[in-house]
Amino acid sequence: MHRRTALGGALTALATAAAGVLVAAAVSTAPAAAAAGGTGTGYLHTSGSKIVDSTGATVRLTGINWFGMETDNKTFHGLWSSNPWRSQLDTMARLGYNTLRIPYSNDALKAGATATGINDFVNPDLIGLSPLQILDKVIDYAGSKGMRVILDRHRPTSAGQSPLWYTSTVSETTWINDWKMLAQRYAGNTTVIGADLHNEPHAEGTNPAATGACWGCGDTARDWRLAAERAGNAILGVQPNWLIFVEGVSCPSGGLSNVWDNDPSNDEDCGWWGGNLSKAGQFPVRLNVANRLVYSPHEYATSVYRQAWFDDPSYPANMPAIWDKYWGYLYKQNIAPIMMGEFGTTLQDPKDKIWLQNLMAYTGTGVNGMSFTYWSWNPNSGDTGGIANDDWTTINQAKQDILAPYLIPPTGGGGTTSPSPTGTPNTSPAPTTPPPPVTGGCTATYKQINSWSGGFQGELTVKNTGTAAVNPWSATWTWPSGVTLASGWNATVTQSGTTVTAAAPAWASSLAPGASVTVGFTANGTAATPGSVKLNGTAC
């Protein structure tokens, strides 16, 4: 039975695990500012086993999955919580996750698709939006923080996983056409860097009567390597700057071994769904645009399925050779980059902590290590749990402590902190060096976007009317007593007493003469117009 909150399953020669949950990726309609630092500049491409930016600098994607768009909610899970969606992204960036992998199903892309499970009180700016429009907003905001986005076609429909990239109701043509639509929708937006073509292709049927996804078998109806070429090249025909992320299979034959037939010719070594790239060296994915291919295996712990290798007497010393065999060789032999698209654990079994520590060490440290996106941000993944706890606000520190040494934060990340559980305003230390004064003056314009019982949403636009750039800029304003900040964007927004400070993000620190910046926010309390607005201490 499909468990909606469970993650991807596993296949071995003896058994299959339950199908898993999907995750969706978000992108924006307006071109995002070029990312810097942690995720590089401009579009990304590959060079041997490295992912590099438009300047040739090596980039390591250290990201996280935020799922829900592949389920029947058709949008991100956790939008029902008391933590605003922007605040959740703020936390991801602050923790060091520079990339967001977003699973979706083709159901979410259909005309008339409706997003459900949204707390309108906390997320009033999402009311009435389609799944794609919500995705646009998430992509825009992630890009403003320097994060990158990978879109993941997780399922053909919200009903569950599929071993092949098509089903009786969702054709290969639909799969490819929807990818082309997304590539066109986000063309020119460097926040969205690529397509994870299909989540966890895997075996089905018993050999020699296999009906699942194979690798290199030559059957166009089942050969995942050939299908990945068809879809990848179709996408690159629309958007040649995207990376194409290709997962593995479970059993290269596409079928489960029959260990009871006493015929070893039908038996083979199988791995996790999407995790077996052992044949990719012999049968590589061939794309029409060079330097766009990234292999993306999945890897899990005992909380998903207790593979035989976890009970090997030499565990965990046996694990590097297993990872080498299934996918690590591609990186070590400089064939292609690795971006581990999913890996995770509940950490409830002591073996799992050892597994996660050893797996992270295997990926390497620093910018030259293998890229990854952890599964998942969501606490409601039945097989793994999440980095977020059940309140969608506080953090599972045990997991974060293991991952933290390998994370490369996005430049411009940080944002606002989430509202405290007690409802008291957030505060942060004042800067030790005051920002430079404005040469000239400024103007301020306020627009109330929305209001509801107990809160409101607004936008404050501050224009530099002076003769020199303000770098870094910082805007301040006051609110009446009782009005407290809930979330903010386009700046690092904090509150101390009745004074609110919007500090320039690293990705847009300078405000040129005649330029303006719009700071958005939601607040608790009676709707109020910002008072005593100042730009770097100069009254507007």
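For segment 46-62, the set of residues classified as surrounded by fewer than 20 Cβ atoms within 10 Å (Cβ to Cβ) and among the polar types (S, T, N, Q) consists of Thr46, Ser47, Ser49, Ser54, Thr55, Thr58, listed by residue number. Could you tell me whether Arg306 is of a type outside the set (Phe, Trp, Tyr) and either outside any loop (DSSP other than H, G, I, E, B) or at pLDDT below 95 (or both)? Yes. Scanning segment 215-233 for residues that are part of a helix (DSSP H, G or I), more than 14 Å from Leu164 (Cβ to Cβ) and open to solvent by less than 30 Å² (accessible area, probe 1.4 Å) turns up Glu229, Gly232. Between Pro409, Pro419, Pro431, the distinction of being modelled with pLDDT under 55, open to solvent by 50 Å² or more (accessible area, probe 1.4 Å), at negative phi and part of a loop (DSSP other than H, G, I, E, B) belongs to Pro431 only. Residue selection: Gln357 satisfies the criterion of being in a helix (DSSP H, G or I) and either polar (S, T, N, Q) or farther than 24 Å from Ile402 by Cβ (or both).
I need the full set of residues from segment 159-176 which are open to solvent by less than 40 Å² (accessible area, probe 1.4 Å), at pLDDT 95 or above and assigned to a loop (DSSP other than H, G, I, E, B), in order please.
Within segment 159-176, the subset open to solvent by less than 40 Å² (accessible area, probe 1.4 Å) is 160-165, 170, 175-176.
Applying the additional criterion that residues be at pLDDT 95 or above yields 162-165, 170, 175-176.
Of everything in segment 159-176, those that are open to solvent by less than 40 Å² (accessible area, probe 1.4 Å), at pLDDT 95 or above and assigned to a loop (DSSP other than H, G, I, E, B) turn out to be Ser162, Pro163, Leu164, Trp165, Val170.
Of all the listed residues (Gly117, Gly68), the sole one being out of contact with any helix residue (DSSP H, G or I) (no Cβ under 9 Å at 6 or more places or on another chain), more than 22 Å from Thr363 (Cα to Cα), modelled with pLDDT of 95 or more and buried (at least 21 other Cβ atoms within 10 Å of the Cβ) is Gly68.
Name the residues in segment 119-158 that are aromatic (Phe, Trp, Tyr) and assigned to a helix (DSSP H, G or I), would you? So that I can check it myself, show each step before the final result.
Narrowing segment 119-158 to residues aromatic (Phe, Trp, Tyr): 121, 141.
Residue satisfying the conditions is Tyr141 alone.
Of everything listed in (1) closer than 30 Å to Asn98 by Cβ; (2) crowded, with 22+ Cβ neighbours inside 10 Å, the single unmet condition for Gly212 is (1). In segment 309-318, the qualifying residues are those that are in a loop (DSSP other than H, G, I, E, B) and not aromatic (Phe, Trp, Tyr), and the one that is surrounded by the most Cβ atoms within 10 Å (Cβ to Cβ) is Pro316. Per the conditions (1) open to solvent by 20 Å² or more (accessible area, probe 1.4 Å); (2) touching a Phe, Trp or Tyr at 6+ places or on another chain (Cβ under 9 Å), the sole criterion not satisfied by Gly488 is (1).
Of the candidates Ala321, Ala290, Ala336, the single residue that is surrounded by fewer than 20 Cβ atoms within 10 Å (Cβ to Cβ) and assigned to a loop (DSSP other than H, G, I, E, B) is Ala290.
Out of Asp261, Asp269, one residue alone is at pLDDT below 95, surrounded by fewer than 17 Cβ atoms within 10 Å (Cβ to Cβ), touching a Ser or Thr at 6+ places or on another chain (Cβ under 8 Å) and not β-branched (Val, Ile, Thr). It is Asp269.
Between Gln357, Gln282, the distinction of being open to solvent by 50 Å² or more (accessible area, probe 1.4 Å), in contact (Cβ under 8 Å) with a residue 12 or more places away in the chain and within 28 Å of Asp390 (Cα to Cα) belongs to Gln357 only.
Does Ser250 satisfy the condition of being surrounded by 15 or more Cβ atoms within 10 Å (Cβ to Cβ), in contact with a His (Cβ under 9 Å, 6 or more places away or on another chain), hydroxyl-bearing (Ser, Thr, Tyr) and touching a residue at least 40 places away in the same chain (Cβ under 8 Å)? Talk me through it step by step, then tell me what you get.
Values: surrounded by 15 or more Cβ atoms within 10 Å (Cβ to Cβ): yes; in contact with a His (Cβ under 9 Å, 6 or more places away or on another chain): yes; hydroxyl-bearing (Ser, Thr, Tyr): yes; touching a residue at least 40 places away in the same chain (Cβ under 8 Å): yes.
Yes.
Mind listing just one residue for me: the one in segment 392-406 that is outside any helix (DSSP H, G or I) and not hydrophobic (A, V, I, L, M, F, W, C) and, of those, surrounded by the fewest Cβ atoms within 10 Å (Cβ to Cβ)? Full working, then the answer.
In the first step, residues of segment 392-406 are kept if they are outside any helix (DSSP H, G or I); the result is 392-396.
Filter once more, so that each one left must be not hydrophobic (A, V, I, L, M, F, W, C): 393-394, 396.
Numbers: Thr393: 20, Thr394: 14, Asn396: 16.
Top of the filtered list is Thr394.
Would you pick out the residues in segment 177-203 that are more than 22 Å from Leu100 (Cα to Cα) and either in contact with a Cys (Cβ under 6 Å, 6 or more places away or on another chain) or buried (at least 20 other Cβ atoms within 10 Å of the Cβ) (or both)? Those that are more than 22 Å from Leu100 (Cα to Cα) and either in contact with a Cys (Cβ under 6 Å, 6 or more places away or on another chain) or buried (at least 20 other Cβ atoms within 10 Å of the Cβ) (or both): His202, Ala203. If you check Gly382, Gly369 for being surrounded by fewer than 24 Cβ atoms within 10 Å (Cβ to Cβ), out of contact with any Asp or Glu (no Cβ under 7 Å at 6 or more places or on another chain) and more than 18 Å from His154 (Cβ to Cβ), only one passes: Gly369.
The values are calculated or read from the model by the stated rules, or taken from the named source; none is laboratory data. All values reported here derive from a predicted model rather than from experimental measurement. Reconstructed Cβ throughout: ideal geometry from the backbone, glycine too, with neighbour counts over all protein chains shown. Areas reflect the complete protein model, heavy atoms only, side chains present, ligands, DNA and RNA absent. Shrake-Rupley method; radii C 1.70, N 1.55, O 1.52, S 1.80 Å.
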